[in-house]
1. Provide the packing ranking of 3-13, 344-354, i.e. peptides ordered by the mean count of other C-beta atoms within 10 Å per residue, highest first.
2. Once you have the Kirkwood Rh of the stretch 298-402 from its Cα pairs, apply Stokes-Einstein at 20 °C and 1.002 mPa s and quote D in µm²/s.
3. Per the helix-only calculation at 222 nm, which mean residue ellipticity applies to the chain, given -39500 (n - 2.57) for every DSSP H run of n ≥ 4 and division by its residues, nearest 500 deg cm²/dmol?
4. Provide the solvent-accessible area of MET1, counting protein heavy atoms only and rolling a 1.4 Å probe, rounded to the nearest 10 Å².
5. Size of the dipole of the stretch 199-264 about the Cα centre, Lys and Arg at +1 and Asp and Glu at -1 on the beta carbon, nothing else charged, in debye to 20?
6. In terms of Cα to Cα distance under 22 Å, which lysines are near enough to LYS198, apart from those fewer than 8 places away along the same chain?
7. Would you mind putting 134-140, 89-95, 391-397 in packing order, based on average other-beta-carbon counts within 10 Å, highest first?
8. For the charge dipole of the chain, defined by +1 on Lys and Arg C-beta atoms and -1 on Asp and Glu C-beta atoms about the Cα centroid, which residue among SER228, ILE272, ASN174 has the Cα displaced farthest towards the positive pole?
Amino acid sequence: MKTLRKYLNNIKPNFEPGGKLQSFQSVFDGFETFLFTPNTTSGPGAVNIHDSLDSKRIMIIMVLALMPCLLFGMYNTGYQNWLAAGATEFPFWQLMAYGFLAVLPRILVAYVVGLGIEFAVAQWRREEIQEGFLVTGILIPLICPVETPLWMLAVATAFSVIFVKEVFGGTGYNVFNVALVTRAFLFFAYPAQMSGDKVFVASRSILGLGNDLPDGFTGATPLGQIASFTGDKLELLNLRGDAISAMDAFIGLIPGSFGETSTLCILIGAAILLFTSIASWRIMLSVVVGGLLMGWVANTFHTPAYPASFLSPIDQLLYGGFAFAAVFMATDPVTAARTGAGKYVYGFLVGVVAVLIRTYNNGYPEGAMLAVLLANALAPLIDYCVVQSNISRRRRRLRARA
């Protein structure tokens, strides 16, 4: 590390004003501060207290918290491909390699497009390169079907970074979660490639690994099966035709978006975020409470017209992207509510609306994405109402004392 630090110090004058590469000062600064903690201090007259957990380190911890979902997503991608092909043996390392090759191009596309735009904008504005996309670049592939075409991913990523983030001022100023808007753009612009029974299971071999599935192959997610179910008793099947157990859903051995299927891995990520105080436990808790309450109401008044109402409250949490949204999406500190009481209201709203949409809209079996985006839009209003309520209460207290 000392050698690298010395090398950066030697070339740094080239990127400073007057240097040969001054046009790339923002790019150099971004790489330098990513590798090393800045050693600059506040000027005279400025009083600031800092700790070692700056925004770059926060983003790195977020990436580490996402690793269990990413790694399991690799395994599950291979597992679902092998299962759909009728395999009886599941070689671990081959499944992992297949999943790695399936997701790697999507991660690269997200990072190249997103970071490329952010680098260009930062250089144009002569600002520091922000690090928010370190997390967004991984979130985007995790919440999309594994069969999403790369060009669509690139278009959606560019749209979100430009129109959801940069036009509002960049990292820390966006109103909506960038990764979720990418997913929403893909869903509404290319619905045939983002929904249905053929997009959630990798169907082609990659570099000799995996199996080429028939063109007529279908592999519906549990929520997709529920949306098209008729009858009064739900029966969810995996790609082999066996019943899906609650343990299968908890571990994540079911079709779904790349990183959203395993509630177990999501809980590991949640533990990391809570232990490091990165994410709000108030939001996580209230999302779960809201989902359980709405799930109980729907299950209590279940009807064959809405098959998802037959799901138990716990099953509502296990299927789809609910758990992932509760831990990694709803807790985004930029787009979530910031007041203590507001976080409870915000999270509860996410949980209720997510189950409400997926239960009573058979045409859209997953509601977590829209629930978080709706809550993002209402977060400033929620915080405003909480602050005004506190002001009114203190005024009444002051008048009572007078």
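The values are calculated or read from the model by the stated rules, or taken from the named source; none is laboratory data. Treat the numbers as computed from the prediction; the structure is a model and nothing was measured. Don't worry about glycine lacking a Cβ; one is built from the backbone with ideal geometry, like all the others, and counts go over all protein chains shown. When the accessible area is computed, the model is the full protein with side chains, heavy atoms only, and any ligands, DNA or RNA have been set aside. Shrake-Rupley method; radii C 1.70, N 1.55, O 1.52, S 1.80 Å.
1. Numbers: 3-13: 11.0, 344-354: 25.5.
Top of the packing list down: 344-354, 3-13.
2. Numbers: Rh = 15.2 Å.
Translational diffusion coefficient: 141 µm²/s.
3. Details: 15 runs with 232 residues, N = 402.
The helix contribution divided over the chain gives -19000 deg cm²/dmol.
4. MET1 has an accessible surface of roughly 150 Å² with all protein chains in place.
5. Details: 3 positive and 7 negative charges, 15 e Å.
Roughly 80 debye, rounded to the nearest 20.
6. none
7. Values: 134-140: 24.4, 89-95: 12.1, 391-397: 10.0.
Listed from highest to lowest mean packing, they are 134-140, 89-95, 391-397.
8. ASN174
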